[in-house]
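Quick notes on the structure that follows.
The values are calculated or read from the model by the stated rules, or taken from the named source; none is laboratory data. Every value quoted in this text rests on a predicted model; they were computed, and no experiment measured them. No Cβ is skipped: glycine too gets one built from the backbone with ideal geometry, and neighbour counts run over all protein chains shown.
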Amino acid sequence: MKIKRVSYFEANARARIAALVDEGSFAEFCPPELRHTSPHLARLDAPVAFDDGVVVGRATVAGQPVLLAAQEGKFNGGAVGEVHGAKIRGLLERAVQDKPAAVLLLVDSGGVRLHEANAGLIAISEIMRAVLAAQAAGIPVLALVGGSCGAFGGMGIVTRLCDEVLMSEEGRLGLSGPEVIETVKGVGEFDSRDRSLVWRVTGGKLRRALGEATALVDDDVASFRAGVEACLARPAPGRDAIDDLDVLLAAQDKLQRRRATLADARDGLDVWRSTGFPDPQAVPMLTAESFNQQLAVVQAEVRS
Amino acid sequence: MSDVAVFDRLFGAGGHTVEISGHLVRGGAQVAGRPVAVIGTWNAAAVDGDLALAVSAAVLQVVAEDAKAGATPRPIVFIADTQGQELSRREELLGLNGCFAHVARCVDLARRRGHPTLTLIHGEAVSGGFLAFGLVADRVCALPGAQVRVMDLRAMSRVTKIPLERLQGLAKDSPVFAPGADNYWRMGAVDELWPDTDEGWDERLAAALAAVASAPEGDRRAAIGAERGGRTLAEAVAAAVRDA
C-alpha cells in the first residue's frame with residue numbers, strides 16, 4: 001500500500017487527525033455544527049471559528065482507543081481562549097472516565113489568546129490541573145509538536161507536563177516566543193527574524209538533545225503516527241508503582257545539573273556540542289534519522 | 001516594592017521565620033497554633049529557571065520532611081509576587097517552560113500528599129510566573145493592592161496587531177481581557193479579595209486554610225466563574241465535551 005506523504009507542518013488540524021488515526025475511527029465532540037464560538041472575539045470584531053480553533057474527539061490508533069485534541073494553528077495562532085481551553089479540559093476530564101490508552105494533544109499554539117487573556121490564562125491553568133489529574137488516574141498524555149505555531153506560552157508548559165513529547169525538527173517548544181522577547185528586550189537579545197537561530201533555540205533537535213522531546217520524527221503525519229504507536233506499545237507509566245517524590249527529586253536534580261553544565265549556553269550549537277555531537281554546526285542539516293542515530297551513539301558513549 | 005511587614009501582619013511579629021533571599025521567599029510560621037510552610041517569589045520577580053527550581057526544591061523539601069517525620073502534612077502558603085517569566089534567549093534555550101511544569105508537578109504532588117496549598121498574591125501576579133505555582137494552588141487570595149494580568153500591553157499589541165490605543169481603551173471595561181484581581185475573582189480563579197485594612201489578616205489566613213481543608217475535590221474554578229457571571233461558557237463547554 002502506497003501511503004501519501006502529508007506534511008504535519010503544512011496540514012491543518014483536521015487533516016492531521018485524518019492522517020494520524022485509523023481510517024473512519026474519528027468521532028468529534030462538540031463539532032462545528034454546534035457552533036461553540038468565542039463571544040469575546042466577536043466583541044472585538046475579530047473572526048470566529050465554529051470549533052474555536054480546536055478539534056476534540058475520540059478515535060483509535062492501531063486499534064487502541066485514544067482521545068485527542070488538535071489545535072488549529074491557522075486560527076489565531078492556535079491560541080487558547082475560554083471555549084477553546086474548556087474543550088481541551090473537558091477532554092482530559094473525560095479521559096479519567098473513559099480510560100483510553102492515551103490522550104493525544106496535537107499542540108499548535110502560541111499560548112494564551114490575548115483577545116480574552118484572563119480567560120485564556122485561567123483555562124491553561126485548568127488544562128494543567130486536568131493533565132495532572134489524568135496522569136494521576138493512570139492515563140498517559142502525549143504531546144505532538146510539529147505545527148507552524150509550535151508550543152509556546154502556557155501550552156509550552158502543558159507540553160512539558162506530558163508523559164511523552166513527539167517533535168519534528170520544524171516543531172518549536174518554549175515559553176516566550178522570540179517576537180515577545182525581541183519586543184521587550186531588543187533585537188540583540190533575540191532576533192526573531194533569524195529563522196535558523198529561532199530553530200536552534202526552540203526546535204525539535206534542540207529539545208531532543210536536551211531530553212525534553214522524547215522522540216524526533218520526520219515532518220510527515222505517518223512518522224508522528226509511528227511515534228504514537230511506539231508510545232502506545234510501551235507499558236503505561238505505573239503511577240502506583242513508583243514513589244512520585246523520588247521521581248520528582250531526580251527531575252529536580254537533572255534540571256539543576258543542566259543549568260550548571262550549560263551555564264554559558266546561548267545557542268543550540270552549545271547544547272549539541274555539550275551533548276557530544278561530533279560536528280554541532282552540521283546538526284541543523286541532518287535528517288531526523290541521522291540525528292537520532294548520532295544521538296544514540298553519543299548517548300551510548302556517555303553511558304560507557 | 002514588596003514589604004516584609006506583610007509577614008508580621010499575616011503571622012504576627014516574631015511569629016514566623018520567613019526570610020527573603022534575592023527574589024525567593026522561604027520560611028515557616030504558625031497559623032492558629034499549627035505550623036505552615038511559606039514559599040514564594042518577591043519584589044515583582046521575573047521568574048527564571050533558578051528561581052523556579054528554588055521554589056520547587058522548597059516544595060519537595062517540605063513534602064520530604066513531613067513524610068520522613070510521619071507528620072501531618074503542613075499547609076503550604078505560597079507568596080506570589082511576579083512580573084512574569086524572565087524573557088531571555090538563554091532561558092528559552094534551557095527550557096524555562098519545563099522548569100515551570102516541574103514546579104506545577106511538585107505543587108500537585110504536595111496536594112496529593114495532603115498538604116493544603118494556598119496562594120497569597122502580594123504585589124503582582126503576571127502570566128507564566130503566576131501559572132507555575134500561584135494558580136496551581138487549591139485556593140488563591142489577593143492581598144490589598146494586588147495586580148493580576150497576563151502581559152505588557154505593548155507586547156500584546158504587537159502580537160494581536162490591535163493598536164495599543166484600542167487595547168488601552170478596552171482594558172478599562174472588559175473583565176475577560178482587562179488586568180485586575182477583581183476580574184480574576186469574577187472568573188473564579190481568585191477566591192478572596194482581602195479588604196484594604198491592616199487588621200485581622202491572621203484570622204483571614206486561618207479561615208482561608210480551613211476553607212482549603214473543607215473544599216470538595218477537583219478543580220471548581222470554571223463552575224465558580226459561571227456562578228459569579230465572569231466566565232459563562234467554560235464550565236458548560238467542558239461538560240458538553242465530557243458528556244458528549
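A few points about this structure:
- Flag if A:Gly138 is surrounded by fewer than 24 Cβ atoms within 10 Å (Cβ to Cβ) and on the phi > 0 side of the Ramachandran plot: yes
- Close pairs (8 angstrom Cβ cut-off, 6 or more residues apart or separate chains): more than 11 Å from A:Val96 (Cβ to Cβ) in the stretch A:128-144, among the hydroxyl-bearing types (Ser, Thr, Tyr) and in a helix (DSSP H, G or I) anywhere: A:Ala143/A:Thr159
- Apart from one condition, A:Thr183 fits all of (1) at the interface with another protein chain (Cβ under 10 Å from one of its Cβ atoms); (2) touching a Gly at 6+ places or on another chain (Cβ under 7 Å); (3) surrounded by fewer than 24 Cβ atoms within 10 Å (Cβ to Cβ); the exception is (2).
- Criterion applied to A:Val112, A:Val103, A:Val145, A:Val107 was being on the phi < 0 side of the Ramachandran plot and more than 14 Å from the chain's Cα centre (by Cα), and the one residue passing it is A:Val112.
- Tally of residues being more than 7 Å from chain A (Cβ to nearest Cβ), of a type in the set (A, V, I, L, M, F, W, C) and either in contact with a strand residue (DSSP E or B) (Cβ under 6 Å, 6 or more places away or on another chain) or part of a loop (DSSP other than H, G, I, E, B) (or both) across the stretch B:223-244: 0
- Residue match in the stretch B:89-100 (condition: more than 7 Å from every other protein chain (Cβ to nearest Cβ), at pLDDT 95 or above and within 19 Å of the chain's Cα centre (by Cα)): no
- Residue check, A:Ala251 buried (at least 16 other Cβ atoms within 10 Å of the Cβ) and more than 11 Å from chain B (Cβ to nearest Cβ): no
- Residue that is nearest to B:Gly128 (Cα to Cα) [pool: residues in the stretch B:50-61 that are surrounded by fewer than 23 Cβ atoms within 10 Å (Cβ to Cβ) and in contact (Cβ under 8 Å) with a residue 40 or more places away in the chain]: B:Leu53
- Residues that are closer than 17 Å to B:Ala206 by Cα and among the polar types (S, T, N, Q), drawn from the stretch B:58-77: B:Thr72
- The stretch A:260-293: number of residues that are buried (at least 19 other Cβ atoms within 10 Å of the Cβ) and assigned to a helix (DSSP H, G or I): 8
- Scanning the stretch B:101-126 for residues that are facing chain A (nearest Cβ under 7 Å) and within 13 Å of the chain's Cα centre (by Cα) turns up just one, B:Ala104.
- Reported count of residues in the stretch A:134-169, each being within 12 Å of another protein chain (Cβ to nearest Cβ), in contact with a Gly (Cβ under 8 Å, 6 or more places away or on another chain) and outside any loop (DSSP other than H, G, I, E, B), is 7.
- Considering the conditions (1) at pLDDT below 90; (2) more than 18 Å from A:His40 (Cα to Cα), B:Gly169 is excluded by exactly one of them, (2).
- Residue in the stretch B:62-73 that is within 15 Å of the chain's Cα centre (by Cα) and either in a helix (DSSP H, G or I) or surrounded by fewer than 24 Cβ atoms within 10 Å (Cβ to Cβ) (or both) present: no
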